[in-house]
Amino acid sequence: VQLQASGGGLVQAGGSLRLSCAASLSILSFNAMGWYRQAPGKQRELVARITNGGSTNYVDSVKGRFTISRDNAKNTVTLQMNSLKPEDTAIYYCNGVRNLYQDYYWGQGTLVTVSS
């Protein structure tokens, strides 16, 4: 299983970025897919997740600003990030879980830097 993340970069506060994660197999085989992030000196945290059934959840700090979506035909999951803040600066990791949330798969990180 391979997850390929893309779309990070440098943006000013208030700007937008779009992260994409392409899976090497059908994303319908995952119980859920999501994005985590890890800022310097902090633990990795779940930012957003979308289940196989389409349910979504977000960490409180991004609610109303980030939107996670999936394209089953293209086997991709996208994180649209709007109204970015400097505190959103982190390495973002695509994640997929299978086998009733027992097996975790990770893509390579993509760096998001938000300047003030």
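The values are calculated or read from the model by the stated rules, or taken from the named source; none is laboratory data. Bear in mind that the values here come from a model prediction, so they are computed numbers and not experimental data. No Cβ is skipped: glycine too gets one built from the backbone with ideal geometry, and neighbour counts run over all protein chains shown. The accessibility values were calculated without ligands, DNA or RNA, using every heavy atom of the protein model including side chains. Shrake-Rupley method; radii C 1.70, N 1.55, O 1.52, S 1.80 Å.
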Mean accessible surface per residue for the chain, computed with a 1.4 Å probe while every protein chain stays in place, in Å²: 51
Within the accessible area of the chain (1.4 Å probe), percent carbon and sulfur: 47
For the chain, projected area of the alpha-carbon convex hull averaged over all directions, nm²: 6.6
Normalised alpha carbon radius of gyration of segment 58-116 [divisor 2.2 N^0.38 Å]: 1.28
Per-residue HN-Hα couplings for segment 18-25 [Karplus 6.51, -1.76, 1.60; θ = phi - 60°; Hz; x = Gly/Pro]: 10, 9, 10, 10, 9, 9, 7, 9
Potential extension, E45-K85 segment - 0.36 nm per residue separation minus Cα distance: 12.8 nm
Inter-label distance for D103 and V59, nm, one decimal - labels placed 7 Å from Cα along Cα-to-Cβ: 2.7
